[in-house]
Amino acid sequence: MELKVDQPALAGQNIDPAAFQRVWDRVMPEQAAARENTSIPDTAVPAEPTQPPEEIPPVTEQPPAEEQPPAPDLSPVPDCPQESQCPECPECPSCPECPSVPGTPSTPEAPAFCLGEASQGDSQRLQELMVLARSGAAAGRAMARRASGTCAKTLSALACDHRSAFKRLSAAYFLITGQRYTPKCEAVKQPASLPLALRQQFLWEQRWEQANRQAAQSTADPCLKELYQELAQEGAFHAGTIRSLLEQMA
């Protein structure tokens, strides 16, 4: 049986607790040995605290998957039919022109000037016609000097018409180029007989008419076109006049 002594009760009796403990250990060696076994040695190392084990969530067992029945054998897919070519789309009709809105200013087109620099391409043809007009006037004067009466007056008028044609062509040439052109014509050669000379002039008037008509078709100048057409009409009139004179001489 272990005897328990209240050490604070011995404090007032002048007893040394250490000495009393030594005496007591000799008297009760069993308690001293038990106390030595329960005491913590100086070389003891404190144990490290152990961490609690991690909580592992419970594994829920999944029900076994149902076995799928085997897939039936499918027949092979037939080839797709070839696509037919699409028919060509019809052309869309042209959109109608929008009506002009009143009050909307329209852009004026550049005017085509009459007998301007844009007609420079007609300068060469004008020179050729001026040469023909001067030679026709010279032939008319030569035949008028050989004729008499009404025939002389008619041939003089013919020569006057060709001189007027030369002046009109020369003025148009100057307005287009800004220069004057003086043609160099050869001397007129006519047969000795007046009827043969009239026959030669008759053919010449037809060439004169044809040259002016071709010039009127090729030009883009409205003023030149009108001039060429008038000169072509004069050539046709002169050919008819010469034919009338030959009929009177017959």
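The values are calculated or read from the model by the stated rules, or taken from the named source; none is laboratory data. Computed from a prediction, not measured in an experiment: that's the story for all the values here. With ideal geometry, Cβ positions are generated from the backbone for all residues, glycine too; neighbour counts draw on all protein chains shown. Surface areas here come from the heavy atoms of the whole protein model, side chains and all, with no ligands, DNA or RNA. Shrake-Rupley method; radii C 1.70, N 1.55, O 1.52, S 1.80 Å.
Would you mind counting up the charge near Asp161? Only other residues with Cβ under 15 Å from its Cβ, with Lys and Arg at +1 and Asp and Glu at -1.
+2
Please grab the % of Cα pairs in the range 176-228 that end up more than 14 Å from each other.
So the portion of pairs separated by more than 14 Å is 70 percent.
Report the accessible area of Asp16, computed with a 1.4 Å probe over the heavy atoms of all protein chains in place, in Å² rounded to the nearest 10.
About 90 Å², ignoring ligands and nucleic acids.
So what is log10(I(q)/I(0)) for the range 129-190 at q = 0.19 1/Å, when the Debye sum runs over its Cα atoms only?
-0.69
To the nearest 10 square angstrom, what accessible area does Glu226 show with a 1.4 Å probe?
110 Å²
Given R₀ = 30 Å, FRET efficiency for Leu203-Cys223 by Cβ-Cβ distance, to 0.05?
0.55
Kindly write out, for the range 173-187 in residue order, the coupling ³J(HN,Hα) from the Karplus curve 6.51 cos²θ - 1.76 cosθ + 1.60 (θ = phi - 60°), rounded to whole Hz, with x marking Gly and Pro.
So the J values, rounded to whole Hz, are 5, 5, 5, 7, 9, x, 10, 9, 10, 10, x, 9, 9, 6, 5.
Using only the Cα atoms of the range 105-250, what are the Rg and Dmax in Å?
That works out to 17.5, 70 Å for Rg and Dmax.
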